[in-house]
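For reference, the structure is listed below as structure tokens.
The values are calculated or read from the model by the stated rules, or taken from the named source; none is laboratory data. A quick note: this is a predicted structure, and the numbers were derived from the prediction, not measured. Cβ coordinates were reconstructed from backbone atoms using ideal geometry, including for glycine residues, and neighbour counts include every protein chain displayed.
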Amino acid sequence: MNDFEELTYLINGCAMRVHNTLGNGFQEVIYQRCLSIELDKSGIEHKREIEQKIYYNDVEVGTRRVDFIIKDKIIIELKALSNLEDIHIAQIKNYLVAYNLPIGLLINFGARSLQFKKIYNNKFIQKS
């Protein structure tokens, strides 16, 4: 198992503990706070609500905020919806490119069963 697989496995376990404890029906911010607690308990280094500048033709046009960045490698975007849609996958793909990170996790706590999707950034540029 490589580092990314092990880390995403551990994150998924943290998300499952939150979902098993709370179920569905809460606001996204509640799940975000609970997941942060679980990540801390598991010793997983993370940052919450990190803002990133968005550029168009080298001109800053705004900012976006991602729910979590794990070990400066993985983005986590949380949802609390009855079901994930293609727009949510497009959103995390855009975040991956904007933050230049290789992997994103889209986690939906709003469905009856936890929804967990791993998204890869095919435009990732490895920094030396």
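Values for this structure:
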item	result
Single residue of region 69-81 satisfying the filter (within 21 Å of residue 127 (Cα to Cα) and not β-branched (Val, Ile, Thr)) that is surrounded by the most Cβ atoms within 10 Å (Cβ to Cβ)	73
Region 28-55 residues that are exposed (fewer than 14 other Cβ atoms within 10 Å of the Cβ) and among the hydrophobic types (A, V, I, L, M, F, W, C), paired with ones that are in a loop (DSSP other than H, G, I, E, B) and modelled with pLDDT of 95 or more (beta carbon under 9 Å, 6 or more apart)	29/80
Answer from 96, 114 - the residue that is of a type in the set (A, V, I, L, M) and touching a strand residue (DSSP E or B) at 6+ places or on another chain (Cβ under 6 Å)	96
